[in-house]
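Let me begin by presenting the structure, written as structure tokens, before commenting on it.
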Amino acid sequence: MSVPATTVIPPLTDELDIVIPTIRNLDFLEQWRSFFQPYHLIIVQDGDPTKTIRVPQGFDYELYNRNDINRILGPKASCISFKDSACRCFGFLVSKKKYIFTIDDDCFVAKDPSGQEINALAQHIHNLLSPATPFFFNTLYDPFRDGADFVRGYPFSLREGVTTAISHGLWLNIPDYDAPTQLVKPLERNSRYVDAVLTIPKGTLFPMCGMNLGFHRELIGPAMYFGLMGDGQPIGRYDDMWAGWCAKVICDHLGLGVKTGLPYIWHSKASNPFVNLKKEYKGIYWQEEIIPFFQGVALPKECTTPQKCYIELSKLVKEKLGPIDPYFEKLGDAMVTWIDAWNELNPSADAAPVKKTDAAPKKK
Amino acid sequence: MSQVTIDSNEVDIVIAAFHSDLTSFMEEWRPIFSRFHLIIVEDPDLKEELKIPKGFDFDVYTKSDIDKLAGSSNAAMFSGYSCRYFGYLVSKRKYIISIDDDCSPAKDNNGDLVDIVTQHITNLRTPATPFFFNTLYDPYRKGADFVRGYPFGLRSGVTCVLSCGLWLNLADYDAPTQSLKPELRNSRYVDAVLTVPKNTLMPMSGINLAFDREMVGPALLPALKLAKEGKFRWETIEDIWCGLVVKAVCDHLDLGVKTGLPYVSRNERGSAIDSLKKEWEGVKLMEELVPFFQSLKLSPEAVTAESCVTEIAAAVKKGLGRSHTELANVADSMVAWLKIWKEVRSRV
């Protein structure tokens, strides 16, 4: 495990929620029990709301199905995807905690090369609670890690680093490939344990995978909208990608850090590449225009909060990507709806009191 | 490692010798170096003759060779750690691999000796991907690929021209860091090669690197000499300067820089605390150099490494040179280097 040089004390049990989207069951939680049980879970049940999702005994959780989402958000529920794990961002919306860890229900505990089980949650916490270094690349990776430091030539004025907003973990076994790559290499498994955490430099975009992800909800939550995917939408499997591009641009603008690398989880389920191809198809060629768009985004100085940044981004999406397909007009609108919902459910301390949502969620 | 065939005729290994007896160093590297040509440049301050074991194909260059080629006015450019640039200058091959003479072969996580030549050449012969970050690191590596969300239009990558390796045991820390943590040793073998993204600067360490001399040779140059530069890495910054220049050139010409594997093992030498007694010139300078390079813009007419370096030298003279006299000299050295480089090329 990657441990910071200065001890990180609390495990954040009162400050972190674990968000899990699911459509089948949560049996995988049994394997994670010793690592997750102290924490509160927010389960977002996708698909048929009449189905009962069994949660293993002993976990403290809230569960939301589609009916709950519709009830809580009313007309704003249109921004939350259906029949796609993108619905997980509803969990980010309703959480009241400072940090979020989200994981897919086909992700299990991995082992490091010494055979020890990896506490992915603890690693994400270490990553989030130690600084990132986006302005200059450290060739020995995370300088705050035990056994490492900044190398010769690293400017001293940059050694304090910035707050880490996102911690992006990786996967052993089934790698997160797109459909074409899965079709060409159906048997490839990721068996390489790269023992590093590193900061993704400012100005560099990356493909953010939502399978094993931690983030600072207060600092970047509003940017972690997973878009319009799945049922009724022309695209799927680009939800986390979309959130990652938006969030990275905003992090770069606000001077926040994004880390990638450890922890690893064990990804067990290989999805059907033909099904994936149908979902990703439009995304694969839209992406060729989306990336230059994000690379060229310049947010104005006045955007000092993630919400303001996101609203500005939504305007740019409609303006610049709208011509590609009407989907982007819808997406831009949904981004605004998301922020409205965010502000309603997460009023800032000095704002006027917001009307409370009526019914309580299912709780254990 | 991907299967890249290495033509030994394409490779020169350049070593700067600070110790006259290279026997143990060469014996350690024999399994890896024996089939390659070596260029050994003797530190001009070294008085004794070099002792080199049998069985190697090598050429030695000494102070007199440097004086003859560079002339008395420019010979100082190749003193101390910068003498290895003379090796880069006289090489006629495509790839250069350069390591410090206080390094031994490292062992990987399986206990096997790390073949730095194969790894560096593999890095240089497979594309780099500076425009978008691949979360599974080098996508060309066996067992890896581009991940979901990586734009297809960017998957052919660009030519990699610089491969920066790492160090186990004594990592390349500066003197203040090593003094504060005298016990700190790097024992972590990170099994990755990755591209340093475009517009991201990094500190290039001269201890273990390789480059494509045909593409960027002019940009790996000796220029920034600290007033109190000594015979320990802690007392130099010439490679850091060089790395900033090379990265600026690469970013402008859409060429790639990789970092990570291979590792060498760096041996104990010298005292960081003793090096602290010297002025922290280098440390202070970095504070100015980084913002300068971050804002540097080269013109569209600069389409070769040489023309890029010319523009950078002019920018240094105009910008940094105004406030720092030592940096005005750096600009002059860069121009002088390019002249010698051109001259040597024209004789080939």
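Hey, B:Val303 hits all of (1) within 23 Å of B:Arg213 (Cβ to Cβ); (2) in a helix (DSSP H, G or I) but one; which does it fall short on?
So B:Val303 meets the others, but not (2).
Could you check how many residues of the range A:11-40 are over 16 Å from A:Ser95 (Cα atoms) and β-branched (Val, Ile, Thr)?
2
Among the residues of the range B:147-200 satisfying the criterion of being in a helix (DSSP H, G or I) and facing chain A (nearest Cβ under 7 Å), which is least open to solvent (accessible area, probe 1.4 Å)?
Let us first name the residues in the range B:147-200 that are in a helix (DSSP H, G or I), namely B:152-154, B:175-180.
Restricting the remaining residues to those that are facing chain A (nearest Cβ under 7 Å) gives B:152-153, B:177.
On the way: B:Phe152: 77, B:Gly153: 51, B:Thr177: 11 Å².
The extreme case among them is B:Thr177.
Across the range A:174-192, which residue is nearest to B:Lys142 (Cα to Cα) among those that are open to solvent by 40 Å² or more (accessible area, probe 1.4 Å) and more than 7 Å from every other protein chain (Cβ to nearest Cβ)?
Only one residue fits best here, namely A:Arg189.
Can you tell me which residues in the range B:221-260 are assigned to a helix (DSSP H, G or I) and within 12 Å of the chain's Cα centre (by Cα)?
Selection gives B:Glu238, B:Asp239, B:Ile240, B:Trp241, B:Cys242, B:Gly243, B:Leu244, B:Val245, B:Val246, B:Lys247.
May I ask you to list pairs of residues, at least six apart or on different chains, whose Cβ atoms are under 6 Å apart, with the first in the range A:335-347 being open to solvent by 30 Å² or more (accessible area, probe 1.4 Å) and the second being modelled with pLDDT under 95?
Listed by first residue and then by second, the contacts come to A:Glu344/A:Val354; A:Pro347/A:Val354.
Could you please find all residues in the range B:168-182 being of a type in the set (Ser, Thr, Tyr) and within 22 Å of B:Ile99 (Cβ to Cβ)? Steps first, please.
Filtering the range B:168-182 for residues of a type in the set (Ser, Thr, Tyr) gives B:173, B:177, B:179.
Listed by number, the residues that qualify are B:Tyr173, B:Thr177.
Condition check: buried (at least 22 other Cβ atoms within 10 Å of the Cβ) and either farther than 22 Å from B:Ala17 by Cβ or at pLDDT below 75 (or both). Does B:Leu298 satisfy that?
Details: buried (at least 22 other Cβ atoms within 10 Å of the Cβ): no; either farther than 22 Å from B:Ala17 by Cβ or at pLDDT below 75 (or both): yes.
The answer is no for B:Leu298.
Is at least one residue of the range A:135-151 under 23 Å from B:Met204 (Cα atoms), of a type in the set (Gly, Ala, Ser), at pLDDT below 95 and open to solvent by 10 Å² or more (accessible area, probe 1.4 Å)?
Looking for residues that are under 23 Å from B:Met204 (Cα atoms), of a type in the set (Gly, Ala, Ser), at pLDDT below 95 and open to solvent by 10 Å² or more (accessible area, probe 1.4 Å), one finds at least one in the range A:135-151, hence yes.
Looking at the range A:46-61, can you tell me whether even one residue there is farther than 22 Å from A:Ser348 by Cα, without any contact (Cβ under 8 Å) to a residue 12 or more places away in the chain, of a type in the set (Ser, Thr, Tyr) and not in a strand (DSSP E or B)?
Yes, the conditions are met somewhere in the range A:46-61.
Report, by residue number, each residue of the range B:260-297 that is small (Gly, Ala, Ser) and closer than 19 Å to B:Arg233 by Cβ. Walk me through it before giving the result.
Residues of the range B:260-297 that are small (Gly, Ala, Ser), as a first pass: B:260, B:265, B:270-272, B:275, B:282, B:295.
Answer for the range B:260-297, where residues must be small (Gly, Ala, Ser) and closer than 19 Å to B:Arg233 by Cβ: B:Ser265, B:Gly270, B:Ser271, B:Ala272, B:Ser275, B:Gly282.
Limited to the range B:250-273, what total is found for residues that are over 24 Å from B:Ile116 (Cβ atoms) and either more than 13 Å from every other protein chain (Cβ to nearest Cβ) or crowded, with 22+ Cβ neighbours inside 10 Å (or both)?
Final tally of qualifying residues: 6.
Among the numbered criteria (1) closer than 27 Å to A:Ala165 by Cα; (2) modelled with pLDDT under 95; (3) open to solvent by 70 Å² or more (accessible area, probe 1.4 Å), which single criterion is violated by A:Lys308?
(2)
Pick from B:Lys317, B:Lys342, B:Lys284: which is charged (D, E, K, R) and under 21 Å from the mean Cα position of the chain (by Cα)?
B:Lys342
For the range A:64-101, what are the residues that are of a type in the set (S, T, N, Q) and not in a loop (DSSP other than H, G, I, E, B)?
The answer is A:Asn67, A:Asn70, A:Ser78, A:Ser85.
Which one of the conditions (1) open to solvent by less than 20 Å² (accessible area, probe 1.4 Å); (2) over 30 Å from B:Arg188 (Cβ atoms) does B:Lys47 fail to meet, given that it meets all the rest?
The failed condition is (1).
Examine the range A:108-119 for a residue that is acidic (Asp, Glu) and over 27 Å from A:Asp333 (Cα atoms), and state whether such a residue exists.
Here is the first cut: in the range A:108-119, the ones acidic (Asp, Glu) are A:112, A:117.
Subsequent filtering for residues that are over 27 Å from A:Asp333 (Cα atoms) retains A:112, A:117.
The answer is yes; a qualifying residue exists.
Quick one: which strands (runs of 3 or more DSSP E) lie wholly within the range B:48-115 and hold at least 2 residues that are among the hydrophobic types (A, V, I, L, M, F, W, C)? Reasoning before the result, please.
Values: elements: B:57-61, B:95-100, B:103-105.
By residue number, B:57-61, B:95-100.
Which of the residues spanning the range A:154-173 are surrounded by fewer than 19 Cβ atoms within 10 Å (Cβ to Cβ), within 9 Å of chain B (Cβ to nearest Cβ) and in contact with a Ser or Thr (Cβ under 9 Å, 6 or more places away or on another chain)?
Listed by number, the list holds a single entry, A:Leu158.
What about B:Arg148, is it of a type in the set (D, E, K, R), farther than 21 Å from A:Ala148 by Cβ and in contact (Cβ under 8 Å) with a residue 60 or more places away in the chain? So that I can check it myself, show each step before the final result.
Working: of a type in the set (D, E, K, R): yes; farther than 21 Å from A:Ala148 by Cβ: yes; in contact (Cβ under 8 Å) with a residue 60 or more places away in the chain: no.
Spelling it out, it is not the case that B:Arg148 is of a type in the set (D, E, K, R), farther than 21 Å from A:Ala148 by Cβ and in contact (Cβ under 8 Å) with a residue 60 or more places away in the chain.
When B:Asp115 is evaluated against the numbered criteria (1) touching a strand residue (DSSP E or B) at 6+ places or on another chain (Cβ under 9 Å); (2) modelled with pLDDT of 95 or more; (3) farther than 20 Å from B:Thr5 by Cβ, which criterion, by number, is the only one it fails?
That leaves (3) as the condition not met.
Of the numbered conditions (1) surrounded by 18 or more Cβ atoms within 10 Å (Cβ to Cβ); (2) farther than 27 Å from B:Ile240 by Cβ, B:Tyr85 satisfies every one except a single condition; which is it?
Against the list (1) surrounded by 18 or more Cβ atoms within 10 Å (Cβ to Cβ); (2) farther than 27 Å from B:Ile240 by Cβ, B:Tyr85 comes up short only on (2).
The values are calculated or read from the model by the stated rules, or taken from the named source; none is laboratory data. What you are looking at is a predicted structure, and each value in this text was computed from that prediction instead of being measured. Note: ideal-geometry Cβ built from the backbone for every residue, glycine included; neighbour counts use all protein chains shown. We work out accessible area using only protein heavy atoms, side chains counted, and drop any ligands, DNA or RNA first. Shrake-Rupley method; radii C 1.70, N 1.55, O 1.52, S 1.80 Å.
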